[in-house]
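**Student:** Before anything else, here's the structure in question.
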């Protein structure tokens, strides 16, 4: 299996850890964006006024998210729908990080319940990101050594 070819319908798990006094954690599943989607979004955001740019990002994330852990706290912790209204209301840091993960620029955060295999994969992806390499390619090379 290739780690760099995004198959149609392929989904990945994502996680954004809580930042004390800023935002809670978010667990989610998403369809990674293709290169043309990333470039189209970046070009549209660059040309748009700030409010419109934020809506473009939120709208794009709605299209890529398939599940998330977001709920409404009152009255009964009901699940929050993945829609433009809810995604645009995410904390700005969460939305920015979500975008980087979905675009394939960041590996996201390591979930607190990660096993040793996930920890190793995260370390490999993080090293690649820091080095300016594709995280999937770095993981593929590491797997070939095993």
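**Student:** Please state which one of 142, 114, 96 is over 23 Å from residue 21 (Cβ atoms) and at pLDDT 80 or above. Steps first, answer last, please.
**Tutor:** Details: 142 fails: at pLDDT 80 or above; 96 fails: over 23 Å from residue 21 (Cβ atoms).
On inspection, the qualifying residue turns out to be 114.
**Student:** Filter the range 76-120 down to the residues that are in a loop (DSSP other than H, G, I, E, B) and within 20 Å of residue 33 (Cβ to Cβ) and list them by number. Show your work before the answer.
**Tutor:** Narrowing the range 76-120 to residues in a loop (DSSP other than H, G, I, E, B): 76-78, 80-83, 88-91, 103-115.
Scanning the range 76-120 gives 82, 83, 88, 90, 103, 104, 105, 106, 107, 108, 109.
**Student:** Would you say residue 60 is without any contact (Cβ under 8 Å) to a residue 12 or more places away in the chain, in the same structural domain as residue 19 (by TED's automatic domain parsing) and either farther than 20 Å from residue 44 by Cα or assigned to a helix (DSSP H, G or I) (or both)? Show your work before the answer.
**Tutor:** Details: without any contact (Cβ under 8 Å) to a residue 12 or more places away in the chain: no; in the same structural domain as residue 19 (by TED's automatic domain parsing): yes; either farther than 20 Å from residue 44 by Cα or assigned to a helix (DSSP H, G or I) (or both): yes.
Spelling it out, it is not the case that residue 60 is without any contact (Cβ under 8 Å) to a residue 12 or more places away in the chain, in the same structural domain as residue 19 (by TED's automatic domain parsing) and either farther than 20 Å from residue 44 by Cα or assigned to a helix (DSSP H, G or I) (or both).
**Student:** Does the range 128-135 contain at least one residue that is modelled with pLDDT under 85, crowded, with 19+ Cβ neighbours inside 10 Å and either more than 16 Å from the chain's Cα centre (by Cα) or assigned by TED's automatic domain parsing to the domain that holds residue 61 (or both)? I'd like the intermediate steps shown before the answer.
**Tutor:** Here is the first cut: in the range 128-135, the ones modelled with pLDDT under 85 are 128-135.
Cutting the leftovers down to crowded, with 19+ Cβ neighbours inside 10 Å gives us 128, 135.
Okay, now just the ones that are also either more than 16 Å from the chain's Cα centre (by Cα) or assigned by TED's automatic domain parsing to the domain that holds residue 61 (or both), so 128.
Checked the range 128-135: at least one residue is modelled with pLDDT under 85, crowded, with 19+ Cβ neighbours inside 10 Å and either more than 16 Å from the chain's Cα centre (by Cα) or assigned by TED's automatic domain parsing to the domain that holds residue 61 (or both).
**Student:** For residue 67, are the conditions met, namely being loosely packed, with under 13 Cβ neighbours inside 10 Å and farther than 13 Å from residue 16 by Cα?
**Tutor:** Working: loosely packed, with under 13 Cβ neighbours inside 10 Å: no; farther than 13 Å from residue 16 by Cα: yes.
Judged against the criteria, residue 67 is not a match.
The values are calculated or read from the model by the stated rules, or taken from the named source; none is laboratory data. Small disclaimer: the values here were computed from a predicted structure and weren't measured. Don't worry about glycine lacking a Cβ; one is built from the backbone with ideal geometry, like all the others, and counts go over all protein chains shown.
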